[in-house]
Amino acid sequence: MSLEIIGMISTQHQSETHAARGPVIDRDYTCRLAQAHEAAGFDRVLVAQHSTGPDASQVIAYAASVTDKLHFLLAHRPGFIGPAFAARQLATLENFTGGRLAVHVISGGSDAEQRRDGDFLDHDSRYARTDEYLQVLRQAWTSDKPFDHEGALYRYEDAFSEVKPLQQPHIPIFFGGASEAALRVAGKHADAYALWGEPLAESGELIRRVRGEAARHGRKLRFSVSFRPIIADTEAKAWARADAILAETRRLRAASGAGQGAPLQSEGARRLLSAAERGDVVDERLWTAIARESGGRSNSTSLVGTPEQVAQALARYIDLGVGTLLIRGFDPLEDALDYGRELIPRLRELAAEREARGQDLHKEAA
């Protein structure tokens, strides 16, 4: 299988270096951003879910209506609706998009964020809920007859979904989370495990742990890694741009009274901050400064250099067994187009070279 490249779209122009302005839902910007990713050669785009923002499923429905081939990755939080209903809702969206949907299941790494939507479970309890939720979700997608379920949190009699996903055996499930509780759920249910951009040694160690959890259930997973590439036509210009991004990030955080962030309950954020403690630059061009400023929130580490240098750095993760790359910039629209011109073609060439040597990018590295 070929390399999958994922971007990210939102309904408003904002990032660490761009304060949000204008309406929360800017239809024109959303349209331009989705179409830019399609034109740039991205396979799929992530649409995030936040407790105060637009509904991601409806954002995808709109973005799908203004694109033809672009696929979507819906951030989905278990627990706010029941899994049997969610199965029908997601399968309906997947059918209307022509099978262009995958689901990124997020159990939640912040108590405060979850409580805004009325969820007061603690960290490990959220993952226990996700385990049962995904069991019911997958069964509703695949069962050809009504089924009963009686678990710790959900109880169903004659549950059934007439609408089935176009993709078989079901809609692909992406999953993130680096805690022990998260890894157990990933090994049991995920089709793809998503890592944030850690150093190579730590990424390889986490991939081995997830493979071990999956093997307990007789399963193999794909692996995805996320970065914020900073590219320019010379390495010096790329590092100068990184310095400017850091300065603007600090300025905006200070202006908003945010200061340096903390990792909350996220083990993934803690791991990024641990990498940042080793210095602003790790593994030659892995840049951790924004992760340190933001408290490791989200995919906040970068690879800095020329397009060729960054492509070669990303290829080292492919060699670990990664088959999906999520890349997004600090200037969301402009960077997506730049990646399409400069970075994505190089990545596909490097991935093709590895496939020619017989390495399946979505399975274990040779």
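Residue pairs whose Cβ atoms lie under 8 Å apart, sitting 6 or more positions apart in sequence or on different chains, and linking a residue in the range 85-98 that is closer than 15 Å to Pro169 by Cβ to a partner that is of a type in the set (Ser, Thr, Tyr) and assigned to a helix (DSSP H, G or I), are Leu90/Ser57. The residues of the range 270-319 that are open to solvent by 50 Å² or more (accessible area, probe 1.4 Å), part of a loop (DSSP other than H, G, I, E, B) and either closer than 12 Å to Leu347 by Cβ or modelled with pLDDT of 90 or more (or both), listed by number, are Glu277, Arg278, Asp280, Asp283, Glu284, Asp319.
Against the criterion of being closer than 28 Å to Asn299 by Cβ and surrounded by fewer than 21 Cβ atoms within 10 Å (Cβ to Cβ), Glu180 qualifies.
Within the range 52-69, track down each residue that is open to solvent by less than 80 Å² (accessible area, probe 1.4 Å) and either over 23 Å from Arg116 (Cβ atoms) or in contact with a Ser or Thr (Cβ under 9 Å, 6 or more places away or on another chain) (or both). Step through it out loud before you land on a result.
Initially, the range 52-69 is screened for residues open to solvent by less than 80 Å² (accessible area, probe 1.4 Å), giving 53-57, 59-64, 66-67.
Within the range 52-69, Gly53, Pro54, Val59, Ile60, Ala61, Tyr62, Ala63, Ala64, Val66, Thr67 meet the criteria.
Residue check: Gly22 meets all listed conditions (1) part of a loop (DSSP other than H, G, I, E, B); (2) in contact (Cβ under 8 Å) with a residue 60 or more places away in the chain; (3) open to solvent by 40 Å² or more (accessible area, probe 1.4 Å); (4) not basic (Lys, Arg) but one, namely (2). Would the range 163-180 turn up any residue that is in contact (Cβ under 8 Å) with a residue 24 or more places away in the chain and part of a helix (DSSP H, G or I)? Looking for residues that are in contact (Cβ under 8 Å) with a residue 24 or more places away in the chain and part of a helix (DSSP H, G or I), one finds none in the range 163-180, hence no. Annotation: Ala159 fulfils all but one of (1) modelled with pLDDT of 95 or more; (2) open to solvent by less than 20 Å² (accessible area, probe 1.4 Å); (3) within 22 Å of the chain's Cα centre (by Cα); (4) among the small types (Gly, Ala, Ser); the unmet one is (3).
The values are calculated or read from the model by the stated rules, or taken from the named source; none is laboratory data. Here the structure is a predicted model, which means the values were calculated and not measured. With ideal geometry, Cβ positions are generated from the backbone for all residues, glycine too; neighbour counts draw on all protein chains shown. What goes into the accessible areas is simple: the full protein's heavy atoms, side chains included, and nothing from ligands, DNA or RNA. Shrake-Rupley method; radii C 1.70, N 1.55, O 1.52, S 1.80 Å.
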